[in-house]
1. So how many residues does the range 62-74 have that are exposed (fewer than 11 other Cβ atoms within 10 Å of the Cβ) and in a strand (DSSP E or B)?
2. Enumerate the pairs (first residue in the range 42-57 and in contact (Cβ under 8 Å) with a residue 40 or more places away in the chain; second residue anywhere and among the aromatic types (Phe, Trp, Tyr) and surrounded by fewer than 16 Cβ atoms within 10 Å (Cβ to Cβ)) with beta-carbon separation below 9 Å, excluding pairs fewer than 6 apart on the same chain, so at least 6 apart or on different chains.
3. Residue 59 passes all but one of (1) in a loop (DSSP other than H, G, I, E, B); (2) modelled with pLDDT of 95 or more; (3) among the polar types (S, T, N, Q); which number fails?
4. Which members of the range 106-120 meet the condition of being β-branched (Val, Ile, Thr) and without any contact (Cβ under 8 Å) to a residue 40 or more places away in the chain?
5. Please tell me if residue 54 is within 22 Å of residue 120 (Cβ to Cβ), outside the structural domain of residue 110 (by TED's automatic domain parsing) and of a type in the set (D, E, K, R).
6. Write out, first by first residue and then by second, each pair whose Cβ atoms fall under 6 Å of each other, whose residues are 6+ apart or on separate chains, and whose first residue, in the range 81-105, is in contact (Cβ under 8 Å) with a residue 12 or more places away in the chain and closer than 12 Å to residue 117 by Cα while the second is of a type in the set (Lys, Arg) and in a helix (DSSP H, G or I).
7. Search the range 77-120 for residues being in a helix (DSSP H, G or I) and aliphatic (A, V, I, L, M), and hand back the single one that is surrounded by the fewest Cβ atoms within 10 Å (Cβ to Cβ).
8. Looking at 19, 30, which is the one that is over 30 Å from residue 95 (Cα atoms), hydrophobic (A, V, I, L, M, F, W, C) and free of Cβ contacts under 8 Å to residues at least 60 places away in the same chain?
Amino acid sequence: MALQEKYAELVSTATNAGVANLLVREQDGVLYIDGDAATAEVKDQLWDVYEKLDPEFRSADVVMNITAPATATYEVKGGDNLSKIGRKFGKTWQEIYNANVEVIGDNPDHIQVGQVLQIP
């Protein structure tokens, strides 16, 4: 079976997710997939599809070079709250909280000065 057929779902997912500069080529028994994902979530989705098609990645017949924007970080300062931080980055307080629930804990109103938050 040709590799592009074996991994058609992976290529289709990349296409449907809008991966920019998508380049798929087969060379020497390896399928190379390159492109730029709009978000880290899209990149993770592609890896999930790949793992579904090749559990434990044992075939070693795909090289995925998908880039995604880096997640920003922010150190909490006095007077900050999640809404204020979210406005700085164009995010809602809920997006900031959901990305940092392990750091913040159960109460989104209790952020601490010096905490480093991930900005999705």
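The values are calculated or read from the model by the stated rules, or taken from the named source; none is laboratory data. Source: prediction; values computed, not measured. With ideal geometry, Cβ positions are generated from the backbone for all residues, glycine too; neighbour counts draw on all protein chains shown.
1. 2
2. Correct list of pairs: 50/57.
3. Status for residue 59: all satisfied but (2).
4. The answer is 111, 113.
5. Criteria not met by residue 54.
6. none
7. Of everything passing the filter in the range 77-120, 101 is surrounded by the fewest Cβ atoms within 10 Å (Cβ to Cβ).
8. Result of the check over 19, 30: 30.
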